[in-house]
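This report concerns only the one structure given below.
No lab work stands behind these numbers, since they all come straight from the coordinates. The structure presented is a predicted model; accordingly, all values stated were derived computationally and were not measured. Cβ placement follows ideal geometry from the backbone for every residue including glycine, while neighbour counts extend to all protein chains displayed.
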Amino acid sequence: MKSKIFRFILASAFVLTACKTVRTAEIPTANIREIVNSSDVTLVDVRIPEQYAEGTAKNAINIPLAEIQNNIENLKGKKVVVFCNKGMQADEALEILKKNGVEVYDGTTWKNVKAIQEENK
């Protein structure tokens, strides 16, 4: 009986430690409020031009998600925050830019970024 318990505990410990795939040191931590309000940030609204024209965050540029891949070289070397309406397109843009070596952060929605900007007023 003790042998079964020992094997169960050993197997459980192995499974729990084997599932860890990302070390916490590898996950960059960033305060989105500081980044959004940084003087060297590029805010990128990835919505279509019609939506961008209806309202966006202060100083944001419009690069629709469909055009992100074509603008990677323009964004390299910059600190970039991407956002959209609900965060779904921003997530896609984030992944594309990350894979291509751009320092990018998720602002989620344009209203979120705008609210962060207005907090400092």
Okay, which of the stretch 65-81 sit inside 15 Å, backbone N to the point 7 Å along the Cα-Cβ direction of ASN120? 79-81
Give me the one-decimal nm value for the distance between modelled label points at GLU73 and ARG33, 7 Å along each residue's Cα-to-Cβ direction. 3.9
Which whole-Hz couplings ³J(HN,Hα) result when phi for each residue of the stretch 31-38 is put into the Karplus expression 6.51 cos²θ - 1.76 cosθ + 1.60, θ = phi - 60°, listed in order with x for Gly and Pro? 8, 4, 5, 5, 5, 4, 8, 6
Amide H proximity to VAL81 below 5 Å, modelled H, separation 5+ or other chain, gives THR42, LEU43, VAL44, TYR105
Amide H contacts of THR109 (H built 1.01 Å from N, under 5 Å, at least 5 apart or other chain): CYS84
Gain upon complete extension [ALA66, ASN85; 0.36 nm per residue less C-alpha separation]: 5.3 nm
Rounded to whole Hz and in sequence order, give me ³J(HN,Hα) for the stretch 94-99 from the Karplus expression 6.51 cos²θ - 1.76 cosθ + 1.60, θ = phi - 60°, writing x for Gly and Pro. 4, 5, 4, 5, 4, 4
Using the alpha carbons of the stretch 51-93, what is the convex hull volume per residue in cubic angstrom, as a whole number? 83
